[in-house]
1. To the nearest 0.05, how large is the calculated FRET efficiency for Glu51 and Phe108 if R₀ is 30 Å and r is the Cβ-Cβ distance?
2. With a sphere of radius 13 Å drawn around the Cβ of Thr116, what net charge do the other residues whose Cβ falls strictly inside it have (Lys, Arg +1; Asp, Glu -1)?
3. Find, among the GluC sites (Glu not before Pro) in the range 1-104, those assigned to loop by DSSP (not H, G, I, E, B) with at most 16 other beta-carbon atoms within 10 angstrom.
4. Please report Rg (one decimal) and Dmax (integer) in Å for the Cα set of the range 2-199.
5. With springs only between Cα atoms under 10 Å, which of Val132, Val28, Val20 fluctuates most in a Gaussian network model of the chain?
6. Out of the DSSP beta bridges found with both residues in the chain, what percent are antiparallel (nearest 5)?
7. Run through the DSSP bridge list for the range 103-205 and note the antiparallel percent, rounded to the nearest 5.
8. At most 15 other C-beta atoms within 10 Å and a DSSP loop state: those are the exposed chymotrypsin sites (Phe, Trp or Tyr not before Pro) I care about. Give me the longest piece of the chain that has none.
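Bear in mind that the values in this text are calculations on the coordinates, not laboratory data. Bear in mind that the values here come from a model prediction, so they are computed numbers and not experimental data. Note that we place each Cβ from the backbone using ideal geometry, even for glycine, and neighbour counts take in every protein chain shown.
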Amino acid sequence: MKLLLFSDVHRDLDVARELVARSGSADVAVCAGDLAGMREGLQPVVDILSEVRSPAVLVAGNGESADELASACEAAGWSSAQVLHGSGTEIDGVSFWGIGGGIPVTPFGDWSWDFTEDEARELLADCPDGAVLVSHSPPFGHVDVSRGEHLGSRVVLEAVERTRPRLVVCGHIHSAWREESAVGPTRIVNAGPKGMVVNIQSGLG
């Protein structure tokens, strides 16, 4: 299964068009959040991305909420898109689990859609083993350094260690875009807006 991974488009319509163009050869498009910027400009980006014809799995970033993202997808007629938040889906035998928002709470104020680590723990409690975990916020200590400080989520890291996902897709930390790490056998990718293509094994094997 070929996945097109991306995050942090932040209202850039040209980037959205480039992602649509790249999506033709992908089996699934996977978005790790922040299509909007400070809760603004979401719909025009989603309108463009709705041209992606493959199934799509999305989580919200801290720049938009899951409800806002789901509403934008519905308004765009993007019927193949699934917005996950504390929930999962299965595509061609591959499980996906999603959690959006900034984790832990960011310093950005009221506009930022954030969660505490305890809230995130509840949202990740039912994440199945071996899924593709899509989290806007990276796991602590992995692709999460900004200005010399680790800003990722300890609870997301706990979930990775517990469920051993086949892949973790995240974003949020701009300085770590396109960086990769690993926890045991689990590959961790901070996707970024330019997009990355990753192959994973399909089915239950």
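1. Working from the Cβ atoms, E equals 0.45.
2. Working: positive: Arg121, Arg154; negative: Asp114, Glu117, Asp118, Glu119, Glu122.
Summing Lys and Arg as +1 and Asp and Glu as -1 gives -3.
3. On the way: sites: Glu18, Glu40, Glu51, Glu64, Glu68, Glu74, Glu90; in loops: Glu51, Glu64.
Sparse-neighbourhood loop GluC sites (Glu not before Pro): Glu51.
4. 14.8, 42
5. Greatest mean-square fluctuation among the candidates belongs to Val20.
6. Values: 16 of 39 bridges.
Of all bridge pairs located within the chain, approximately 40 percent are antiparallel.
7. Working: 6 of 14 bridges.
In the range 103-205, DSSP labels about 45 percent of beta bridges as antiparallel.
8. Numbers: sites that count: Phe108, Trp111.
Excluding the exposed sites themselves, the longest stretch runs over 1-107.
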